[in-house]
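What follows is one structure encoded as structure tokens, with my remarks underneath.
The values are calculated or read from the model by the stated rules, or taken from the named source; none is laboratory data. Just so you know, these numbers come straight off a predicted model, no measurement behind them. We place every Cβ from the backbone using ideal geometry, glycine too, and count neighbours over all the protein chains shown. Heads up: the accessible areas ignore ligands, DNA and RNA and are worked out on the full protein's heavy atoms, side chains in. Shrake-Rupley method; radii C 1.70, N 1.55, O 1.52, S 1.80 Å.
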Amino acid sequence: MKDTNFKTELKALLKSKGITQGELAEMLGVSQAAVSQFTNPALSTIQDICKALHVPFCVTESGKVVFKLL
């Protein structure tokens, strides 16, 4: 995935996995509204998302999160 903002990265990741924001929210134990508002989440939240979706991630030199689709 190219280097863009977190919300865009997450949306593309969910689409590629066939998972809705509501399903992710359920996995994380948060509301769907909370998931839809993720723009600059804490590292622990990013780790929780990646664990739930079974994907690694990296942080670029500019500080942007990029999910690694295998």
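Can you name the condition, by its number, that K11 falls short on among (1) loosely packed, with under 14 Cβ neighbours inside 10 Å; (2) part of a helix (DSSP H, G or I)?
Failed condition: (1).
Would you say G18 is on the phi > 0 side of the Ramachandran plot, surrounded by fewer than 15 Cβ atoms within 10 Å (Cβ to Cβ) and out of contact with any Leu (no Cβ under 6 Å at 6 or more places or on another chain)? Give the derivation first.
Numbers: on the phi > 0 side of the Ramachandran plot: yes; surrounded by fewer than 15 Cβ atoms within 10 Å (Cβ to Cβ): yes; out of contact with any Leu (no Cβ under 6 Å at 6 or more places or on another chain): yes.
Yes; evaluated as a whole, the condition is true for this residue.
Kindly indicate whether V55 is part of a loop (DSSP other than H, G, I, E, B) and in contact with a strand residue (DSSP E or B) (Cβ under 8 Å, 6 or more places away or on another chain).
Criteria met by V55.
Any chance you could count how many residues in the stretch 47-59 are under 11 Å from the mean Cα position of the chain (by Cα) and open to solvent by less than 90 Å² (accessible area, probe 1.4 Å)?
So the answer is 8.
What residue, of S31, S36, S62, S44, is open to solvent by 70 Å² or more (accessible area, probe 1.4 Å) and small (G, A, S)? Walk me through it before giving the result.
On the way: S31 fails: open to solvent by 70 Å² or more (accessible area, probe 1.4 Å); S36 fails: open to solvent by 70 Å² or more (accessible area, probe 1.4 Å); S44 fails: open to solvent by 70 Å² or more (accessible area, probe 1.4 Å).
After ruling out the rest, the residue left standing is S62.
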